[in-house]
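Novice: This is the structure I have questions about; it appears just below.
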Amino acid sequence: MTRVVITAVGTDRIGIVAGISNAIARAGANIEDLTSSRLEDKFVMLIVCDLRKSSFEELRRAVTAAGEKLGMSVVVQREEIFRAMHRV
Amino acid sequence: MKFTAEEILETFRMLHVESLDVRSVTLGISLLDCVGEDGRSTASRVAGKIREVASGFVGAVNAVSSELGVPITHRRIAVTPVSLILGSSPRRSDALAIALALERSARDAGVDLIGGFGALVEKGITRADSVLMDTIPQALCRTSRLCSAVNVASTRAGINLNAVNVMASKVKETAELTKKENGAGCARLSVFCNAPGDNPFMAGAFHGVEEGEATVNVAISGPSVIRAAVEACGGSVDELSDAIKRAAFKMTRVGELVGREVARRMGVGFGIVDTSIAPTTAPGDSIAEVVEKMGVERCGAPGTTAAVAMLVDSVKKGGMMACTRVGGLSGALIPVTEDGGMSRRVAEGCMTLEKLEALTSVCSVGLDMICIPGDTDVWTIAGMIADQAAIGIINDKTTSVRVIPVPGKKPGDTVDFGGLFGKGVVVEVPRWSPAGFLRRGGQISRAARSARN
């Protein structure tokens, strides 16, 4: 496992990108790609991370805690699930 | 980005809004090498084998669930039909000792149900089969996780009416022995035709003799995701079928990924993905509600059979495109008490026993989790089993009967089993007896269509 996708969903506010990306950096993971979108009336941040210098659990705990402080719901998933669901 | 925002958000929506999950990861374990000198030694070997193979099972499933972000509802174990390991001098005490060993092993492994306390008697009944079937009521009464499946018919062998009659009496005995729980022991007892050896669903799961040492089989998500796809599609049935296929493809891919990953971590083989959509008691997770979203006013009305046929066929097509190893039952399960919407329609009289029997012809799996009056005659239950088996052998498909003759209850009474097995209303069963026919016993010979050599 080297890559994960982080999906953070919540109300838009100042500091979301900084808060989540700081947590990722502290966990030792590298952001490879980052974009934002909307889900109904919610702000969504989508981040692809390389996990080679971090563990899944460490990253998950770090970004979940950061998300809670920002009022965001954060999901961390291995990229394989997206490949399985969306690529033939 | 490697995946588009739309793709990631679709996954998020399916998981967190439409309740996409994996219904069950079931670890099949062969017990063929566990036959000891007597029941006690066999039971000890069974416990040892399950401990050896399944010790890391729940941990592996939980880790995969966490890393993929996919909820996995059940972790279960299926073993070789126990009649096959009863040895040279089978006794009821041996069978009971093994049943209790399986129960303890399930508890120790952290799984909620363990299947395989059964026999394959579609063509004949050995001494061990007979002992096993006689022990089923006691075994189910003294356990809470053990499940029993007995195969009494197959397209190739026909219907063993003697076995049908025996199993009907065992259903009644099980209900009586568990009458304090409204006959709930019967919720863990299925009588099958064409039972597959790689079915991950309980109560019918067992590890077939054709299987390897240990195998991971997966049952995909319930109807809620399909319901959402149907709800979003306002077009013709062609478009509806496409929408269902697309959703089924994604659900099956998730199931396959989970199954392969759990198997890899445990160092065992990956078996199959069962694409059956199986309901739960959770609101919205109902086959009846899918049918109604398709446009049938009330599930059970004319048009229901066509809607279910199209639904099941579309799920199969999407699932088979997604995964080479599709197996098990792969239909639509309609366990009435476990499906809140279906249970309501039965209570209203819209869905009837006869309509459920008709649905068997287009989906799996027979008369499932249906409460019948406690005073229903054994021959009537035998007739229900024989009818289901007949549909199975002629149409070359799996069918089963899992009915609960609820002690002391009459048509219209409500029964709540609690938790997984749900609740429902006792249905009226025709009182005219098939006894004269079934008492003849013997074998309804193989279906002509099975002679294909």
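Novice: Have a look at B:Arg253, B:Arg260 and point out the one that is surrounded by fewer than 24 Cβ atoms within 10 Å (Cβ to Cβ), under 26 Å from B:Asp112 (Cβ atoms) and either within 14 Å of chain A (Cβ to nearest Cβ) or in contact with a helix residue (DSSP H, G or I) (Cβ under 7 Å, 6 or more places away or on another chain) (or both).
Specialist: Only one candidate qualifies: B:Arg260.
Novice: Another question about this same structure. Would you mention how many residues in region B:382-423 are open to solvent by less than 40 Å² (accessible area, probe 1.4 Å), farther than 26 Å from B:Pro196 by Cβ and either within 21 Å of the chain's Cα centre (by Cα) or among the β-branched types (Val, Ile, Thr) (or both)?
Specialist: Residues flagged as open to solvent by less than 40 Å² (accessible area, probe 1.4 Å), farther than 26 Å from B:Pro196 by Cβ and either within 21 Å of the chain's Cα centre (by Cα) or among the β-branched types (Val, Ile, Thr) (or both) within region B:382-423 amount to 4.
Novice: Among the residues of region B:277-289, write down those that are open to solvent by 10 Å² or more (accessible area, probe 1.4 Å) and assigned to a helix (DSSP H, G or I).
Specialist: Correct list: B:Glu289 only.
Novice: Among (1) more than 8 Å from chain B (Cβ to nearest Cβ); (2) in contact with an Asp or Glu (Cβ under 7 Å, 6 or more places away or on another chain); (3) touching a residue at least 24 places away in the same chain (Cβ under 8 Å), there is one condition A:Asn30 misses while meeting the rest; what is its number?
Specialist: With respect to (1) more than 8 Å from chain B (Cβ to nearest Cβ); (2) in contact with an Asp or Glu (Cβ under 7 Å, 6 or more places away or on another chain); (3) touching a residue at least 24 places away in the same chain (Cβ under 8 Å), A:Asn30 is out only on (3).
Novice: Which numbered condition trips up B:Trp379, out of (1) of a type in the set (A, V, I, L, M, F, W, C); (2) part of a helix (DSSP H, G or I); (3) within 24 Å of B:Lys397 (Cβ to Cβ)?
Specialist: Here B:Trp379 meets the rest and fails (3).
Novice: Would you point out which residue out of A:Gly19, A:Gly15 is open to solvent by 30 Å² or more (accessible area, probe 1.4 Å) and either more than 16 Å from B:Thr11 (Cβ to Cβ) or of a type in the set (Gly, Ala, Ser) (or both)?
Specialist: Numbers: A:Gly19 fails: open to solvent by 30 Å² or more (accessible area, probe 1.4 Å).
Just one listed residue meets the conditions, A:Gly15.
Novice: A further question on this structure: What are the pairs, 6+ residues apart or on separate chains, where a residue within region B:361-390 that is over 14 Å from B:Val171 (Cβ atoms) has its Cβ under 7 Å from a residue that is acidic (Asp, Glu) and surrounded by fewer than 21 Cβ atoms within 10 Å (Cβ to Cβ)?
Specialist: Cβ pairs passing all conditions: B:Asp387/B:Glu357.
Novice: Residue check, A:Gly67 against (1) more than 13 Å from chain B (Cβ to nearest Cβ); (2) within 20 Å of B:Ser65 (Cβ to Cβ); (3) touching an Asp or Glu at 6+ places or on another chain (Cβ under 8 Å), all met but one. Which one?
Specialist: Failed condition: (3).
Novice: Scan region B:319-331 and give yes if some residue there is under 23 Å from B:Val171 (Cβ atoms) and open to solvent by 10 Å² or more (accessible area, probe 1.4 Å), otherwise no. Can you show your working first?
Specialist: Going residue by residue through region B:319-331, those that are under 23 Å from B:Val171 (Cβ atoms) are B:329, B:331.
The next check asks that each one be open to solvent by 10 Å² or more (accessible area, probe 1.4 Å); those that pass are B:329.
Yes, there is a match, as at least one residue in region B:319-331 is under 23 Å from B:Val171 (Cβ atoms) and open to solvent by 10 Å² or more (accessible area, probe 1.4 Å).
Novice: While we're looking at this one, here's another question. Of the residues B:Glu292, B:Glu354, which single one is away from chain A (no Cβ under 14 Å), in a helix (DSSP H, G or I) and free of Cβ contacts under 8 Å to residues at least 12 places away in the same chain?
Specialist: Numbers: B:Glu292 fails: free of Cβ contacts under 8 Å to residues at least 12 places away in the same chain.
It is B:Glu354.
Novice: Additional query: Are there any strands (runs of 3 or more DSSP E) wholly within region B:116-231 with 3 or more residues that are in contact with a Leu (Cβ under 7 Å, 6 or more places away or on another chain), and if so which?
Specialist: Numbers: elements: B:146-154, B:158-160, B:189-193, B:214-219.
Fully inside region B:116-231 and qualifying: B:146-154.
Novice: Would it be correct to say that B:Ile77 is open to solvent by less than 40 Å² (accessible area, probe 1.4 Å) and within 22 Å of B:Ser148 (Cα to Cα)?
Specialist: In short, yes.
Novice: Tell me which residues, restricted to region B:80-107, are open to solvent by 10 Å² or more (accessible area, probe 1.4 Å) and touching a residue at least 60 places away in the same chain (Cβ under 8 Å).
Specialist: B:Leu84
Novice: Going through region B:217-244 one residue at a time, which ones are charged (D, E, K, R) and surrounded by fewer than 24 Cβ atoms within 10 Å (Cβ to Cβ)? Walk me through it before giving the result.
Specialist: Initially, region B:217-244 is screened for residues charged (D, E, K, R), giving B:227, B:231, B:238-239, B:242.
Those that are charged (D, E, K, R) and surrounded by fewer than 24 Cβ atoms within 10 Å (Cβ to Cβ): B:Glu231, B:Asp238, B:Glu239, B:Asp242.
Novice: Would you check if B:Leu32 is buried (at least 17 other Cβ atoms within 10 Å of the Cβ) and of a type in the set (A, V, I, L, M, F, W, C)?
Specialist: Considered against the rule, which asks whether it is buried (at least 17 other Cβ atoms within 10 Å of the Cβ) and of a type in the set (A, V, I, L, M, F, W, C), B:Leu32 comes out as no.
Novice: With modelled with pLDDT of 95 or more and out of contact with any His (no Cβ under 9 Å at 6 or more places or on another chain) as the only criterion, which of B:Gly158, B:Gly197, B:Gly115 stands out?
Specialist: Values: B:Gly197 fails: out of contact with any His (no Cβ under 9 Å at 6 or more places or on another chain); B:Gly115 fails: out of contact with any His (no Cβ under 9 Å at 6 or more places or on another chain).
Only one candidate passes the filter, namely B:Gly158.
Novice: If I filter region B:340-351 down to residues being closer than 9 Å to B:Gly424 by Cβ and under 19 Å from the mean Cα position of the chain (by Cα), which single residue comes out as most open to solvent (accessible area, probe 1.4 Å)?
Specialist: Filtering region B:340-351 for residues that are closer than 9 Å to B:Gly424 by Cβ and under 19 Å from the mean Cα position of the chain (by Cα), the one most open to solvent (accessible area, probe 1.4 Å) comes out as B:Ser343.
Novice: Quick one: what pairs do we get from region B:166-184, first residue under 17 Å from B:Val415 (Cα atoms), second of a type in the set (Phe, Trp, Tyr) and surrounded by 20 or more Cβ atoms within 10 Å (Cβ to Cβ), C-beta under 7 Å, 6+ apart or different chains?
Specialist: Close Cβ pairs (under 7 Å, with a partner that is of a type in the set (Phe, Trp, Tyr) and surrounded by 20 or more Cβ atoms within 10 Å (Cβ to Cβ)) amount to B:Asn182/B:Phe417; B:Ala184/B:Phe417; B:Ala184/B:Phe421.
Novice: Looking at B:Ile77, B:Ile85, B:Ile159, B:Ile98, which one is under 19 Å from the mean Cα position of the chain (by Cα) and of a type outside the set (Asp, Glu)? Lay out the reasoning, then the answer.
Specialist: Working: B:Ile85 fails: under 19 Å from the mean Cα position of the chain (by Cα); B:Ile159 fails: under 19 Å from the mean Cα position of the chain (by Cα); B:Ile98 fails: under 19 Å from the mean Cα position of the chain (by Cα).
The match here is B:Ile77.
Novice: Which of the residues that make up region A:44-58 are within 20 Å of B:Leu15 (Cα to Cα) and either aliphatic (A, V, I, L, M) or away from every other protein chain (no Cβ under 12 Å) (or both)?
Specialist: Of everything in region A:44-58, those that are within 20 Å of B:Leu15 (Cα to Cα) and either aliphatic (A, V, I, L, M) or away from every other protein chain (no Cβ under 12 Å) (or both) turn out to be A:Val44, A:Met45, A:Leu46, A:Ile47, A:Val48.
Novice: Six or more apart or on different chains, Cβ under 7 Å: which pairs go from a residue in region B:257-269 that's part of a strand (DSSP E or B) to one that's crowded, with 19+ Cβ neighbours inside 10 Å? Could you list them?
Specialist: Matching pairs, first to second residue: B:Gly269/B:Ala214; B:Gly269/B:Thr215; B:Gly269/B:Ala263.
Novice: Moving on. Determine the pairs where a residue that is more than 7 Å from chain A (Cβ to nearest Cβ), located within region B:1-19, has a partner that is in a loop (DSSP other than H, G, I, E, B) and open to solvent by 40 Å² or more (accessible area, probe 1.4 Å) with Cβ atoms under 9 Å apart, the partner being 6 or more residues away or on another chain.
Specialist: Pairs that qualify, where the first residue is more than 7 Å from chain A (Cβ to nearest Cβ) and the partner is in a loop (DSSP other than H, G, I, E, B) and open to solvent by 40 Å² or more (accessible area, probe 1.4 Å), are B:Leu15/B:Pro71; B:Ser19/B:Pro71; B:Ser19/B:Ala282.
Novice: Just one of B:Ser24, B:Ser41, B:Ser55 is over 19 Å from B:Gly267 (Cβ atoms), open to solvent by 10 Å² or more (accessible area, probe 1.4 Å) and out of contact with any Leu (no Cβ under 8 Å at 6 or more places or on another chain); which is it?
Specialist: Numbers: B:Ser24 fails: open to solvent by 10 Å² or more (accessible area, probe 1.4 Å); B:Ser55 fails: over 19 Å from B:Gly267 (Cβ atoms).
Unique residue meeting the criteria: B:Ser41.
Novice: Name the residue, out of A:Arg78, A:Arg61, that is open to solvent by less than 20 Å² (accessible area, probe 1.4 Å) and within 12 Å of chain B (Cβ to nearest Cβ).
Specialist: Criteria check complete, one pass: A:Arg78.
Novice: Of (1) at pLDDT 95 or above; (2) touching a Pro at 6+ places or on another chain (Cβ under 9 Å), B:Val291 satisfies all except one. Which?
Specialist: Exception for B:Val291: condition (2).
The values are calculated or read from the model by the stated rules, or taken from the named source; none is laboratory data. These numbers were taken from a predicted model, which means no experiment stands behind them. Glycine gets a Cβ as well: all are built from the backbone with ideal geometry, and neighbour counts include every protein chain shown. These accessible areas exclude ligands, DNA and RNA; they are computed on the full protein's heavy atoms, side chains included. Shrake-Rupley method; radii C 1.70, N 1.55, O 1.52, S 1.80 Å.
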